[in-house]
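What follows is a set of notes on a single structure, which appears directly below.
The values are calculated or read from the model by the stated rules, or taken from the named source; none is laboratory data. Keep in mind it's a predicted model, so treat the numbers as computed, not measured. So basically every Cβ, Gly included, is an ideal-geometry build from the backbone, and we count neighbours across all protein chains shown. All accessible areas refer to the heavy atoms of the entire protein, side chains included, with ligands and DNA or RNA removed. Shrake-Rupley method; radii C 1.70, N 1.55, O 1.52, S 1.80 Å.
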Amino acid sequence: MAYSLYKLEFSTGLHIGVDSGGASLDDGRMTIHSDTLFSALCCECAKNGSVKRLYDLFAGNLLTISDALPYHKDEFYLPKPVLFIGNVKREGNSQQKKMFKAIEYITLSVFTEYVESLSSGGEIESESLKYDFGRLIVDTRVALKGASQPTPYNVAYWRFNEDSGLYIIVHYEDETALSFLEDTLSALGLSGIGGKQSVGLGKFSLHKCNLPSKLIDILEDTGADYQMLLGTALPPDHELSTALDNGWYGVVRRGGFVRSETYSQTPLKKRTMYMLTPGSCLKSRFEGGIFDLADGGAHPVWRCGKTLFAGVRL
């Protein structure tokens, strides 16, 4: 068992739909869920006929990935844990309390201190929890193709600040599997990920980095009080009730259209499903499943419900 870490350095804007579902061209989110990344890898592999190999590597647990999470320079950020520790009175003023409630990500360097403050009510330096990775930009464009007259529409995309971007953690069982993933990710960076690739969005370059020792420690901490999801995931039905028992978790709707020229003559939607959110904290780790969302098309459409976990000690 080994881990690898990759920075995705975006040279263009990134459009990823919001989690709330529905049309979201004029809105967007910054991070990329692990199941979205897996779907994008499938689309890239379809170009050279290697989708089955990708599926086999993930289904056999030879490869597992996290969400694409934010970084700034050498600081890596984790999802804020979904935890309830009773009615602990937190020190500090009301403005600090509002900030604690609003943040979505915790820098790795203070993650342990942040978790400890949840149960103790102690104060943590608020400056260490502030971040600014970039901004959401909304451009107005005009649709001409197939329209009787020009029709304006908005496109939202995330533009990262200098020295900021997204990173993924990869668990791998052998170097051959990792090399295949690296090649596919590099090709995906040239093609682009997310929406509106036709106008050049979603392009990135891949940079391999060393894992900080703190990150390795929590990735390998299977004996912690809780196990926090680092990506979207879902156990198969027979594991679901056991996996969720005594845990704290969020749920996110996953849907969208199938991006495949061979699936159907007209665009068709994937079957909608609900998955556990990154940051969900469960009492033990689970393997997760890969689910076929095809609904009347010519080939399977996979959604990956496997991801990585980090140990959270209270």
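In percent, rounded to a whole number, the relative contact order of the chain is 28, using alpha-carbon pairs under 8 Å and six or more apart.
So if I place +1 on the C-beta of Lys and Arg and -1 on the C-beta of Asp and Glu, and nothing else carries charge, what would the dipole magnitude of the chain be about its Cα centre? I want it in debye, nearest 20. Working shown, then result.
Numbers: 32 positive and 37 negative charges, 228 e Å.
Approximately 1100 debye in magnitude.
Quick one, which of (1) 27.2; (2) 16.0; (3) 17.3 is the actual mean projected area of the Cα convex hull in nm² calculated for this model? Read-out taken from this structure: (3). Taking amide H as placed 1.01 Å from N in the peptide plane, the amide H of Tyr105 sits under 5 Å from that of Lys80, each at least 5 places away or on another chain. Working ranking of peptides 174-184, 3-13 by packing, defined as the average number of other Cβ atoms within 10 Å per residue, highest first, is 3-13, 174-184. Mean-square fluctuations from a GNM of the chain, with a 10 angstrom spring cutoff on Cα atoms, peak among His171, His238, His207 at His238.
Using θ = phi - 60° in the Karplus curve 6.51 cos²θ - 1.76 cosθ + 1.60, the 3J(HN,Hα) couplings for segment 99-111 round to 5, 4, 6, 7, 5, 10, 9, 10, 5, 4, 5, 10, 4 Hz; x is entered for Gly and Pro. Estimated from helices alone, the mean residue ellipticity of the chain at 222 nm is -7000 deg cm²/dmol (sum of -39500 (n - 2.57) over DSSP H runs with n ≥ 4, per residue). Between the helical axis of 175-191 and the longest alpha-carbon principal axis of the chain there is an angle of about 60 degrees.
Pairs exceeding 28 Å between alpha-carbon atoms, taken from Lys47/Lys203; Lys98/Lys196; Lys73/Lys214; Lys80/Lys283; Lys101/Lys270: Lys98/Lys196; Lys101/Lys270.
Ranking Ala40, Gly255, Asn154 by Cα position along the charge dipole of the chain, where only Lys, Arg, Asp and Glu carry charges on their C-beta atoms, puts Asn154 farthest toward the positive end.
Our coupling estimate for segment 195-205, obtained by passing each phi through the Karplus curve with A = 6.51, B = -1.76, C = 1.60 and θ = phi - 60°, is x, 6, 5, 5, 9, x, 7, x, 8, 8, 10 Hz, Gly and Pro reported as x. Apolar share of the accessible surface for the chain: 49 percent from carbon plus sulfur atoms, 1.4 Å probe.
3J(HN,Hα) couplings calculated from phi for segment 57-73 with the Karplus curve 6.51 cos²θ - 1.76 cosθ + 1.60 (θ = phi - 60°) are, in sequence order, 5, 6, 5, x, 6, 7, 9, 9, 10, 8, 4, 7, 9, x, 9, 9, 6 Hz; Gly and Pro show x.
Between Gly250, Gly17, Gly60, the Gaussian network model of the chain with springs among Cα atoms under 10 angstrom shows the greatest mean-square fluctuation at Gly60. Structure remark: mean-square fluctuation, Gaussian network model of the chain, C-alpha springs under 10 Å; the largest value among Met228, Met30, Met99 belongs to Met99.
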